[in-house]
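Where a number appears in this text, it was derived from the coordinates with a stated rule and is not lab data. What you see is a predicted model; the values in this text were computed from it and never measured. Note: ideal-geometry Cβ built from the backbone for every residue, glycine included; neighbour counts use all protein chains shown.
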Amino acid sequence: MNHETRQRALVVIDVQNDYFADGLPIEYPSVARTLPNIGRAMDAARAAGVPVVVVQNTAPAGTPVFDKGTPGWELNEVVAGRPRDHYIEKELPSVFAGTDFHSWLQARGIDTISVIGYMTHNCDASTVFEAAHLGYHVEFLHDASGSLSYENSAGHASAEEIHRVFSVVFQSRFAAVTGTDEWIDAVRHGRSLPIDNPHASNQRARARRQAA
């Protein structure tokens with residue numbers, strides 16, 4: 001799955017102030033790294049004529065985060081202060097769920113979505129998986145996204161573990177995982193980014209264990 005011509009859209013998911021405060025603070029990669037990369041990706045998309053879709057999550061009124069109209073719900077200025085081609089307000093993790101996203105992409109002949117924003121393991125993952133199932137080529141910018149740590153009845157995991165594992169799983173079948181610099185270069189040169197497959201990914205892991 002490595003077609004050379006791609007009609008991309010950059011999807012900027014939920015870059016909202018609750019992720020930079022006490023609500024759901026992103027831990028890994030650091031927002032000092034990911035937030036500037038989000039801005040760089042948006043600027044590069046604009047320069048290359050790649051449409052930018054900005055997404056904003058809304059939770060039920062009174063919930064601790066993303067309560068519409070509160071400061072935490074607002075888009076961060078890095079995103080709010082830049083131009084966009086389409087805006088989506090959603091209530092579920094996937095950008096496709098209950099929105100016009102799929103029809104908007106289809107109407108413009110877009111076959112590739114490039115995902116940035118938060119969180120890697122939640123709204124990004126839901127969007128990546130659904131896009132892949134719908135037949136889109138998907139790209140995920142690992143240094144323009146991020147995770148936070150969890151602990152619940154199933155156990156606990158650090159933000160770094162969550163982000164790393166989801167990135168590896170994405171690359172194994174669902175999305176081309178790349179850095180912002182590499183993505184900008186691919187956009188400028190009209191180059192596609194490759195996705196691996198589960199068998200090859202597993203073969204490498206087994207070879208690594210055997211060599212240890």
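Listed values, structure above:
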item	result
Unit Cα scatterers, Debye sum, segment 131-212: log10 I(q)/I(0) for q = 0.24 Å⁻¹	-1.15
Share, in percent, of DSSP beta bridges within segment 8-211 that are antiparallel, nearest 5	15 percent
Å³ per residue enclosed by the Cα convex hull of the chain	136 Å³
Net charge of neighbours whose Cβ lies under 10 Å from the Cβ of Ser149, counting Lys and Arg as +1 and Asp and Glu as -1	-4
Karplus 3J(HN,Hα) series, Hz, for segment 147-163 with 6.51 cos²θ - 1.76 cosθ + 1.60 (x for Gly, Pro)	10, 10, 7, 10, 8, 8, 5, 8, x, 9, 8, 7, 4, 5, 4, 4, 5
Beta bridges per DSSP with both ends in segment 112-212, % antiparallel, nearest 5	25 percent
Nonlocal amide H pairs with Asp111, under 5 Å, H built at 1.01 Å	Gln7
At R0 = 22 Å, FRET efficiency that the Cβ-Cβ distance of Glu161 and Asp111 yields, to 0.05	0.10
Separation in nanometres of the label points that stand 7 Å from Cα toward Cβ, at Ser149 and Ser103	4.4 nm
Taking Val15, Val52 and counting other C-beta atoms within 10 Å, the order from fewest to most	Val52, Val15
Neighbour-count order for Glu151, Glu160, Glu182, fewest beta carbons within 10 angstrom listed first	Glu151, Glu160, Glu182
Pairwise centroid distance, computed over Cα atoms, of segment 20-92 with segment 137-212, Å	21 Å
Charge sum, other residues only, whose C-beta stays under 15 Å from Val52's C-beta, Lys/Arg counted +1 and Asp/Glu -1	+2
